[in-house]
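A quick write-up on the structure given underneath.
The values are calculated or read from the model by the stated rules, or taken from the named source; none is laboratory data. The shown structure was predicted, so the numbers you read here are calculated from the model rather than taken from an experiment. A quick note on method: Cβ atoms are made from the backbone with ideal geometry, for glycine too, and the neighbour counts reach across all protein chains shown.
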């Protein structure tokens, strides 16, 4: 399985795995699962940390690096194709730029978004799964 972790899934997997469902925890430790994150999530974590909305146990750059190694995450850059796709998504989809980039990344790379975001879970033009299960 090839999963694109939503930002909160990355944060929960690294700091509060009890927030994730049993099936999700099992999939995330399965060596056969490709675990990917978008550069958009790196930006979100840095922003949340800088604003004090998320308190990390170490500087953001180090946390991102260390949690990526522990969780065996591969990072996907925001490419020109992803940027264009983010604003060419089949309607209707909401305006949040980070979510648009996440969905566009999943569509371009044929990934399943793992999230608790109901807006993404209900959006049929992208494959998704609920991380609470």
_Going by what's in this entry, would residue 4 be described as under 28 Å from residue 124 (Cα atoms), touching a strand residue (DSSP E or B) at 6+ places or on another chain (Cβ under 7 Å) and modelled with pLDDT of 95 or more?_
yes
_So, residue 62, is that one over 17 Å from the mean Cα position of the chain (by Cα), at negative phi and not in a loop (DSSP other than H, G, I, E, B) or not?_
yes
*Here are some residues: 113, 103. Which one is within 15 Å of residue 40 (Cα to Cα), buried (at least 18 other Cβ atoms within 10 Å of the Cβ) and without any contact (Cβ under 8 Å) to a residue 24 or more places away in the chain?*
103
*residue 113 vs. criteria under 11 Å from the mean Cα position of the chain (by Cα) and not in a helix (DSSP H, G or I)*: yes
*Count - residues of segment 65-92 that are in a helix (DSSP H, G or I) and touching a strand residue (DSSP E or B) at 6+ places or on another chain (Cβ under 9 Å)*: 4
*Is it the case that some residue within segment 71-86 is surrounded by 12 or more Cβ atoms within 10 Å (Cβ to Cβ), within 13 Å of residue 11 (Cβ to Cβ), in contact (Cβ under 8 Å) with a residue 24 or more places away in the chain and touching a helix residue (DSSP H, G or I) at 6+ places or on another chain (Cβ under 9 Å)?*
yes
*asked:* Can you name every one of the helices (runs of 4 or more DSSP H) wholly within segment 1-53 that holds 3 or more residues which are within 14 Å of residue 117 (Cβ to Cβ)?
replied: 7-15, 39-51
*Where residue 51 falls short, out of the listed (1) in contact with a strand residue (DSSP E or B) (Cβ under 7 Å, 6 or more places away or on another chain); (2) surrounded by fewer than 18 Cβ atoms within 10 Å (Cβ to Cβ)*: (1)
